[in-house]
Every structure is written in C-alpha cells, then in structure tokens.
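Here the structure is laid out as structure tokens; the discussion comes afterwards.
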Amino acid sequence: MSAVNDTEIKSVIFLLTGLPVHEDTHLWISIPFCFMCVISTVGNSVILFIIKTDPALHEPMYIFLSMLAITDLGISITTIPTILGIYLFNSREISLDACLAQLFFIHLLQYIESSMLLLMAFDRFIAIHSPLRYTSILTLPRIAKMGLVSVLRAMVLILPLPFLLKRFQYCHANVLSHSYCLYQEVMKMACSDITVHSIYGLFTKLFQMGLDSLLIFLSYVMILKTVLNIASHEECLRALNTCVSHLCALLLFYTPEISLSVIHRFGKGSSPLLQILLGYMSLLLPPLMNPIVYSVRCKHLRARIIKLFIK
C-alpha cells in the first residue's frame, strides 16, 4: 500500500496556464517575455557590477540596492523558464517535485525582497534623521547581519511549505492558474483537508509581508515627522526626493502582490485573465523596473552607468 501511494505521489503532474489565447500567437507573446527577461538580467547585473567595482558606491544605500538586485535576479531565474516553456515550446506539464522546488524559491525570494524593502526604508530613515551618524550606524558588519537575519526568517517560514504539500494526495484536474507554481494554487489541488495548511499559509504571509509593510509604514511616518521639522523648504524637498526610488519599488512590489493574494483568497468569481496578469506583474515587474527606477533617480549610479557604456 505504501509503495502504491509513493508511486501516485511521484506521478503527479500539474498543468501550467498561460494567457487564454490561440497557440498560434504564443510565439509572438514570448517576445515581450524574452525582452523583459533580458532587460531584468542585464539591468540588475549592471547595477551589481557597478556597485561592486566602484568604491565610491560602497555606502549603505547602494549595498541594500545590490541585495535587492540579487533577489530580483533570483526571482527572474526562477520564474522565466516555465513561462517561456509555455509560449515557446507549449510545455505545460510540471512534476510535483519540480513544482514544489519552484514555489519554494518563488516564495522565499519574495519574502526576502519584502525584508530588503524594509531594510531600505530603515536606511532612508537613518539617512534623514541622523545624517551625521549614518555610516557609523549602518556599518558593513551590521548590514551583513541584517541581511542574514532576513534570509533566515524567510527560510524558517517557507521551508515547511513543500513538505506540507508533499504529504497531500492530488486527485483533481491539477490545472494551475499561472505559468508557475504558487503555494495557494497547489494546495487547492489536494483532496485532503487543507484548513490548517491554509491558515499556516496566511500566517506566514501576515508575519512576513504584513509585518514588513507595517514597519515600512511606521518608518515613513517617522521620516515625515523628521522632514516636517526641517526649517528650509528646499532641504525638506531634497530629503523627500531621496525616498522616491524606494517608494516606487514599494508600489511595484506590494500593489500586485496584495491584489493577487486578495483574489486568491476571496475572489472566487474573478476573471482568470486578471489573475494571470496580476501574477505576471507581481513577479516580473519589480525585477524589470527596479534597475530602471534606481538608475534614473540615483544621480551617482546614473553617472557610473553612463560612464560604463561610453567606455
């Protein structure tokens, strides 16, 4: 009996879903995805290269940006293969083990990115509130410890998810709503009672992204309080201007992610096309736009990039 169950578990196949269009248009749809993949990879790699090779950019703000770029690269590498597999090769099937591995890295990297955005909000608060003590507070060893704690926290929360899903039996059609695997989607395919696991998934989301978003909000409340105490109007605007890039990164990350989570849990009658588009936005938009936003907004980084390509 145990051998039969093991065989059933190993033979579980999930079907990924692309945009609801005719297969003849898949090749054309793959072109923008390939373009986004190239731009994301090149953009984040260029930022990492410039920050690493330029000692003038070895400051807390740029170190946090490099950590964000590494996370964005990981998200692109994890999701793009299955997306392009659908549109280039019409390869929709994915095994249970491959699906569990993909959802583990997707959720892990998303949680790490949420933590990176929180650390960057803390960085902006220190830079505005205590500019003279900025580098003495955010030293390299302290930044490394903060990054390590962020990774460990995400790992502890996400590591049980694949093992919980592995224990389930799957007897439905196993057609997922996205071009990649997500915990909520795979969990709904199980024949077993998923109440406890659904609660745990919600707990991890609230403890990680919910807590991070709350702390980010409090950080900006403190930033506004500090800025309003600045007498000079020009200095006030200059201080707020340093937060624009981070605010754009927050909107790019949290807006589609929160919308998709709400639809998964409460929007049973929502449009499948809307779910697919929000799914693409939540995973592909931040890695694509973050390098562009920071390259345009950060004067020193923009100057180094222009100098690099002129050479």
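The values are calculated or read from the model by the stated rules, or taken from the named source; none is laboratory data. Computed from a prediction, not measured in an experiment: that's the story for all the values here. Don't worry about glycine lacking a Cβ; one is built from the backbone with ideal geometry, like all the others, and counts go over all protein chains shown.
Filtered by the rule that a residue be under 24 Å from LEU117 (Cα atoms), modelled with pLDDT of 85 or more and among the β-branched types (Val, Ile, Thr), region 243-282 gives VAL244, THR255.
Considering region 13-45, the residues that are outside any loop (DSSP other than H, G, I, E, B) and of a type in the set (Gly, Ala, Ser) include one that is surrounded by the most Cβ atoms within 10 Å (Cβ to Cβ), namely SER40.
The set of residues in region 181-199 being of a type outside the set (Asp, Glu) and either surrounded by 17 or more Cβ atoms within 10 Å (Cβ to Cβ) or assigned to a loop (DSSP other than H, G, I, E, B) (or both) consists of CYS181, LEU182, TYR183, GLN184, VAL186, MET187, MET189, ALA190, CYS191, SER192, ILE194, HIS197.
Take the residues in region 214-226 that are free of Cβ contacts under 8 Å to residues at least 60 places away in the same chain and under 22 Å from the mean Cα position of the chain (by Cα); name whichever of them is nearest to ALA154 (Cα to Cα). Out of the qualifying residues, it is LEU214. Can you confirm whether SER136 is surrounded by fewer than 17 Cβ atoms within 10 Å (Cβ to Cβ), out of contact with any helix residue (DSSP H, G or I) (no Cβ under 9 Å at 6 or more places or on another chain) and among the polar types (S, T, N, Q)? Judged against the criteria, SER136 is a match.
If we scan region 227-245, do we find a residue that is assigned to a helix (DSSP H, G or I), under 13 Å from the mean Cα position of the chain (by Cα) and in contact (Cβ under 8 Å) with a residue 12 or more places away in the chain? For region 227-245, residues assigned to a helix (DSSP H, G or I), under 13 Å from the mean Cα position of the chain (by Cα) and in contact (Cβ under 8 Å) with a residue 12 or more places away in the chain: absent. Scanning region 82-123 for residues that are of a type in the set (A, V, I, L, M, F, W, C) and under 17 Å from MET146 (Cα atoms) yields a count of 10. Does LEU148 satisfy the criteria of being in contact (Cβ under 8 Å) with a residue 40 or more places away in the chain, more than 20 Å from LEU218 (Cα to Cα) and part of a helix (DSSP H, G or I)? Judged against the criteria, LEU148 is not a match. Does HIS178 count as outside any helix (DSSP H, G or I), of a type outside the set (A, V, I, L, M) and within 21 Å of the chain's Cα centre (by Cα)? Considered against the rule, which asks whether it is outside any helix (DSSP H, G or I), of a type outside the set (A, V, I, L, M) and within 21 Å of the chain's Cα centre (by Cα), HIS178 comes out as yes. Among the residues of region 78-127, the ones that are basic (Lys, Arg) and assigned to a helix (DSSP H, G or I) come to 1 in all.
Only residues that are within 17 Å of ILE276 (Cα to Cα), touching a Gly at 6+ places or on another chain (Cβ under 8 Å) and not polar (S, T, N, Q) were counted across region 161-181, and they come to 2. For region 272-283, indicate whether the set of residues that are buried (at least 21 other Cβ atoms within 10 Å of the Cβ) and under 20 Å from PHE64 (Cα atoms) is non-empty. Yes, region 272-283 contains a residue that is buried (at least 21 other Cβ atoms within 10 Å of the Cβ) and under 20 Å from PHE64 (Cα atoms). Does at least one position in region 109-132 carry a residue that is charged (D, E, K, R) and more than 14 Å from the chain's Cα centre (by Cα)? Among the residues of region 109-132, at least one is charged (D, E, K, R) and more than 14 Å from the chain's Cα centre (by Cα), which makes the answer yes. The condition of being more than 10 Å from the chain's Cα centre (by Cα), among the small types (Gly, Ala, Ser) and farther than 30 Å from ALA303 by Cα holds for only one of ALA101, ALA69, that being ALA101.
Considering (1) in contact with a helix residue (DSSP H, G or I) (Cβ under 9 Å, 6 or more places away or on another chain); (2) in a helix (DSSP H, G or I); (3) of a type outside the set (Asp, Glu); (4) at pLDDT 85 or above, the lone condition that ILE9 does not fulfil carries the number (4).
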